[in-house]
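Below is the structure I would like to discuss, written out as structure tokens.
The values are calculated or read from the model by the stated rules, or taken from the named source; none is laboratory data. In this text, all values refer to a predicted model and were calculated from it rather than measured experimentally. Positions of Cβ are backbone-derived with ideal geometry, glycine not excepted, and every protein chain shown enters the neighbour counts.
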Amino acid sequence: MTAQALNLRHVLLLTVPPLLWAGNAVTGRLMVGLVPPITLNALRWLLVLVLLLPLGWPALATPAARRQVIERWKPLALLGLVGVGSYNALQYMALTTSTPLNITLIAAASPLCMMVVGALFYGQRPSRRGLAGAALSLVGVAAVLTRGDLRALSSVQFVAGDLLMLPAMASWAFYSWMLARPAPSMRGAQRPAWDATAFLLLQTIFGLAWAGAAAAAEMMVVPDRIHWTAGTMLAMAYIAIGPSIAAYLCWGRGVAAVGPATAAFFVNLTPLFAALLQAVLLGEPPRPYHAAAFVLIVGGIVVSSSRPRGSAGADQKVPG
């Protein structure tokens, strides 16, 4: 499909997902002390399953359809592990000690992690532009981790949540590469005719096995109870419907219309929205080093995403 010029509809489609993903980070912070983080992830995807099941049911409706799923259980289980079972659980754990703005700024440098995973595991050598962009993004992440004093790198004491975002980014990088380079049974003529909703449903089903097992372990190790209130239930509904379903539908349509290279720049709105929501809802205003980090990370992604004239950009998967 030929990419179209940006219009108001495309801008709205591509602006809604970063806003919802920023809201997910802020909501995760608000839920600290109300719902244990790993349990929160499992409950989120359980609700997503309930909502998606009627829409994606054709992927499970017949014995032949179920056989197609069973034959591909290994790649689906791996996708469920890194996409549903790991990334958001680590993010919610990170939010127990870090802030939504820190979390989204660190996650904005995920192209660097994707580059490393691609080079080490998929034979994708980074370009000079990619390396230059990664260097800028890395400085931006360092600015967040050191709270704006880069001289403190030699003696920095990391907040636990900041460090947890590093394996979270690695998890999302593997998830993205597994989507871009699927197993033989999941590509070409071998791939069943699953639409986007059915594919997300199947990932959710397999991911819930991992997320549920992790939540059960969390309950045994840290037996914190869930504080069910009207606010808790509203928050659960939001993270299931907004960041988990609506954001991905809007993002998919926007990317299809304008192309991934143009759409990728909208991802960098996530830390900006997180800063605004964090200030309004949590009373935690951004600091000057956050602005510097945002500029560096955006600059790095702009540099690494630029292509020589006439070449096409690769698709980019985005965390939420």
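Tell me whether region 163-182 contains one or more residues that are at pLDDT below 90, outside any helix (DSSP H, G or I) and over 27 Å from Ala246 (Cα atoms).
No, there is no match, as no residue in region 163-182 is at pLDDT below 90, outside any helix (DSSP H, G or I) and over 27 Å from Ala246 (Cα atoms).
Tell me, which residue of region 269-320 that is at pLDDT below 60 and charged (D, E, K, R) is farthest from the chain's Cα centre (by Cα)?
In this case the residue turns out to be Arg309.
Among Leu51, Leu14, Leu34, Leu112, which is under 30 Å from Tyr289 (Cβ atoms) and at pLDDT 90 or above? Before you say what the answer is, go through the steps one by one.
Values: Leu51 fails: under 30 Å from Tyr289 (Cβ atoms); Leu14 fails: at pLDDT 90 or above; Leu112 fails: at pLDDT 90 or above.
When all the criteria are applied, what remains is Leu34.
Still on this model: Got at least one residue in region 77-93 being free of Cβ contacts under 8 Å to residues at least 12 places away in the same chain, part of a helix (DSSP H, G or I) and of a type outside the set (Gly, Ala, Ser)? Even if it seems obvious, please write down each step before you answer.
Our first condition is that a residue be free of Cβ contacts under 8 Å to residues at least 12 places away in the same chain; within region 77-93, this holds for none.
No; the residues of region 77-93 include none that is free of Cβ contacts under 8 Å to residues at least 12 places away in the same chain, part of a helix (DSSP H, G or I) and of a type outside the set (Gly, Ala, Ser).
Specify which of the listed residues (Arg29, Arg9) is of a type outside the set (Gly, Ala, Ser) and either part of a loop (DSSP other than H, G, I, E, B) or within 21 Å of Leu249 (Cα to Cα) (or both). Outline the logic, then answer.
On the way: Arg29 fails: either part of a loop (DSSP other than H, G, I, E, B) or within 21 Å of Leu249 (Cα to Cα) (or both).
Going through Arg29, Arg9 in turn, just one is of a type outside the set (Gly, Ala, Ser) and either part of a loop (DSSP other than H, G, I, E, B) or within 21 Å of Leu249 (Cα to Cα) (or both): Arg9.
Just give me the residues in region 202-246 being outside any helix (DSSP H, G or I) and either among the acidic types (Asp, Glu) or within 24 Å of the chain's Cα centre (by Cα) (or both), in sequence order.
As a first pass, look at region 202-246 and keep what is outside any helix (DSSP H, G or I): 222-229.
Asp224 - this is the single residue of region 202-246 that is outside any helix (DSSP H, G or I) and either among the acidic types (Asp, Glu) or within 24 Å of the chain's Cα centre (by Cα) (or both).
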